[in-house]
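A quick write-up on the structure given underneath.
Each value in this text was obtained by applying a stated rule to the coordinates, not by laboratory testing. All of these numbers come straight from a predicted model, not from anything done at the bench. We place every Cβ from the backbone using ideal geometry, glycine too, and count neighbours over all the protein chains shown.
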Amino acid sequence: MFSKVSQASKAALVKLIEHLNAKDFMLLDVQYMTPHLKMFGAIEIDFEEYSSLLDIAYTRACEF
């Protein structure tokens, strides 16, 4: 990510996470772990756990 304003990408990520939490989303697939994402609580999970959580997420009634 890049921006003309320092820390803008971090602020955007915080707002996205807040919005997803408020809308009852349970997953945000970041696909690649970085120190930046880890700082915001991202964790690595194996495929089986991801697949199981994804099945549950698809049954939830939420809208972006």
Could you name the aspartates and glutamates in cross-link range of K23, using Cα to Cα under 14 Å and dropping any fewer than eight places away on the same chain? E63
In whole Å, what are the extents of the chain along the principal axes defined by its C-alpha atoms, from largest to smallest? 39, 26, 15
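With a 10 Å radius around each residue's Cβ, average the other Cβ atoms per peptide and rank 9-17, 44-52, highest first.
9-17, 44-52
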Cα to Cα, under 17 Å, and not fewer than 8 places away if on the same chain: which aspartates and glutamates meet these conditions relative to K10? E18, D29
